[in-house]
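One structure is given here, and the rest of the page talks about it.
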Amino acid sequence: MKYPFVRLRRLREDPRWRSLVTEHHLLLKDLIQPLFIKEGLTRPLAIPSMPGQCQHSEKSLLEEAQRLESLGIPGIILFGIPSRKNLSGREAFSQNGVIQRSVQKIKKACKDLLVITDVCLCEYLSHGHCGHVKRGRIMNDESVRTITRAALSHARAGADAVAPSDMMDGRILAIRRLLDDKDFKHLPVISYAVKYASAFYAPFREAAESAPSFGDRSSYQMNPANAQEALREAQTDLEEGADVLLVKPALGFGDVIRQVKDRFACPVGCFSVSGEYSMIKAAAQNGWLDEKKTVMETHLSMKRAGANFILTYWAKELAEWGLLKNKTIR
Ligand code: PBG
Ligand code: ZN
């Protein structure tokens with residue numbers, strides 16, 4: 001059968017038909033909101049390159065978490081900025097650190113909110129790399145030891161899951177072993193398994209004050225030219241015990257999300273990163289793009305690619321816009 005008998009436009013004319021045959025939906029339950037907490041702040045501080053996002057004080061973070069919970073957003077992922085950085089990264093696993101204290105408080109106040117913690121060292125080490133540096137090299141196994149201790153401290157603070165984002169080899173196994181050993185067998189590890197060395201992280205580095213002071217992250221994050229390698233990253237992390245895999249960035253990496261999803265029978269999330277946010281915000285502020293429509297479209301593309309859920313700076317706004325109850329905008 002073909003034209004003139006086949007006419008795909010028949011189901012596009014009436015909005016009720018369009019709605020009935022919609023294949024993919026963006027739902028509130030798909031969204032995790034990233035939040036920044038900076039030690040020592042007395043009031044929230046706007047992040048200029050990410051309009052609408054801020055570095056929170058302990059108080060404003062708690063209020064924001066409560067607001068998100070009341071909007072029905074299922075979870076948050078926390079990034080901590082300590083007041084001092086050094087070469088040991090000790091603050092990353094201090095039980096009294098900014099993240100550990102915040103997790104404790106939020107878990108007490110917001111019983112319905114999943115609290116995930118990003119586990120990395122770049123916010124804590126003075127040079128801003130995700131691992132320890134020796135003679136200009138990022139040291140894998142030494143870094144894994146510190147990262148593992150950080151993950152345990154987050155678990156002890158009450159996190160619902162830990163999400164290592166450092167891209168060191170073997171860290172999932174090390175974290176899984178230590179968590180199991182310390183009675184956290186039940187705690188999921190969400191691995192940033194497929195994390196590219198992306199130019200789209202630039203606004204985040206302003207937000208988290210974590211830009212590397214020399215070189216870049218290409219010796220540990222993936223080359224954006226590679227897709228097969230993503231499957232190897234996914235496989236190793238699953239073998240090491242990862243419960244959920246993340247692909248990051250999201251926009252422009254739909255092929256990778258799809259391949260990971262098809263190849264492995266595991267949950268896959270994606271991180272719509274800071275640059276994706278800033279880019280669309282900037283265009284919207286200039287009146288060049290319709291923000292709501294653009295955001296629905298990019299986020300639907302992530303669902304279509306196969307993501308089970310999306311870490312996105314728009315989680316709160318998407319909830320406030322009220323578009324997701326309707327399930328579709330067209
Ligand atoms: C830190 C980390 C980064 C992001 C999440 N965790 C930055 C980086 O690797 O430089 C990026 C998130 C974003 O851009 O929104 N390891
Ligand atoms: Zn890092």
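Any read-out appearing in this document is the output of simple, stated calculations on the displayed coordinates, not a laboratory observation. In this text the structure is predicted, and so the values were computed from the model without any measurement. Cβ: placed from backbone, ideal geometry, glycine included. Neighbour counts: every protein chain shown.
Values as computed for the structure displayed
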{"item": "Test item: Cα-centred dipole of region 196-296, Lys/Arg +1 and Asp/Glu -1 on Cβ, debye", "result": "320 debye"}
{"item": "Calculated P(r) of the chain - Cα pairs past 32 Å, %", "result": "27 percent"}
{"item": "Per-residue ³J(HN,Hα) for region 154-164, Karplus 6.51 cos²θ - 1.76 cosθ + 1.60, θ = phi - 60°, Hz, x for Gly and Pro", "result": "5, 4, 5, 6, x, 4, 7, 6, 10, 10, x"}
{"item": "Theoretical ellipticity at 222 nm over the chain - DSSP helices of four or more residues, -39500 (n - 2.57) apiece, nearest 500", "result": "-11500 deg cm²/dmol"}
{"item": "GNM top mover of 120, 110, 270 - the chain, alpha-carbon springs below 10 Å", "result": "110"}
{"item": "DSSP-defined beta bridges in the chain - what % are antiparallel, rounded to 5", "result": "10 percent"}
{"item": "Top of 163, 284, 225 by mean-square fluctuation, Gaussian network on the chain, Cα under 10 Å", "result": "225"}
{"item": "Length gained when the stretch residue 59-residue 8 is fully extended (0.36 nm per residue, less Cα-Cα span)", "result": "13.0 nm"}
{"item": "Too-long pairs where the Cα-Cα distance tops 19 Å, listed order kept, from 248/303; 134/248; 59/105; 185/303; 38/281; 85/108", "result": "134/248; 185/303; 38/281; 85/108"}
{"item": "For region 204-301: span of alpha carbons on each principal axis (Å, largest first)", "result": "46, 36, 23"}
{"item": "Where labels lie 7 Å past Cα in the beta-carbon direction, separation of residue 43 and residue 294 in nm", "result": "3.0 nm"}
{"item": "Simple Cβ-charge dipole of the chain, Lys/Arg +1 and Asp/Glu -1, about Cα centre, in debye nearest 20", "result": "600 debye"}
{"item": "Residue 90/residue 182 FRET efficiency (R0 22 Å; Cβ-Cβ; nearest 0.05)", "result": "0.70"}
{"item": "Cubic angstrom per residue, convex hull over Cα atoms of region 128-196", "result": "87 Å³"}
